[in-house]
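Chemist: Shown below is the structure under consideration.
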Amino acid sequence: MPRQSRIDAPGALHHIIVRGIERRKIFLDGQDRHNFLDRLGATVEGIETICYTWALIPNHFHLLLRGPASSPSPP
């Protein structure tokens, strides 16, 4: 059962953990990890989020992220 949503305040620090189902690998090789980091970098830049650190393990990863200091304005 997934956890309930946590409170998300502007500028909050978040520890993100993603695990493979049944401890299966989510990164197959070095190229796969580099591809993930490229996409992660583009994503955090696009949403004005800071990624302080990451750990990529074959069957899971950890991210330490801080979102923008203010909430985006509605369109």
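The values are calculated or read from the model by the stated rules, or taken from the named source; none is laboratory data. Worth saying up front: this structure is predicted, and the values here are computed from it rather than measured. Quick reminder, even Gly has a Cβ in these numbers, built from the backbone with ideal geometry, and neighbours come from all protein chains shown.
Chemist: What are the pairs, 6+ residues apart or on separate chains, where a residue within segment 47-63 that is part of a loop (DSSP other than H, G, I, E, B) has its Cβ under 6 Å from a residue that is of a type in the set (A, V, I, L, M)?
Modeler: Thr49/Leu65
Chemist: Would you check if there is a residue in segment 1-8 being loosely packed, with under 10 Cβ neighbours inside 10 Å, free of Cβ contacts under 8 Å to residues at least 24 places away in the same chain and charged (D, E, K, R)?
Modeler: yes
Chemist: Moving on. For segment 21-32, indicate whether the set of residues that are surrounded by 11 or more Cβ atoms within 10 Å (Cβ to Cβ), assigned to a loop (DSSP other than H, G, I, E, B) and among the aromatic types (Phe, Trp, Tyr) is non-empty.
Modeler: Yes, because at least one residue in segment 21-32 is surrounded by 11 or more Cβ atoms within 10 Å (Cβ to Cβ), assigned to a loop (DSSP other than H, G, I, E, B) and among the aromatic types (Phe, Trp, Tyr).
Chemist: Being over 12 Å from Pro68 (Cα atoms) and at pLDDT below 95 is the filter here; which residues of segment 43-53 pass it?
Modeler: Of everything in segment 43-53, just one residue is over 12 Å from Pro68 (Cα atoms) and at pLDDT below 95, namely Thr43.
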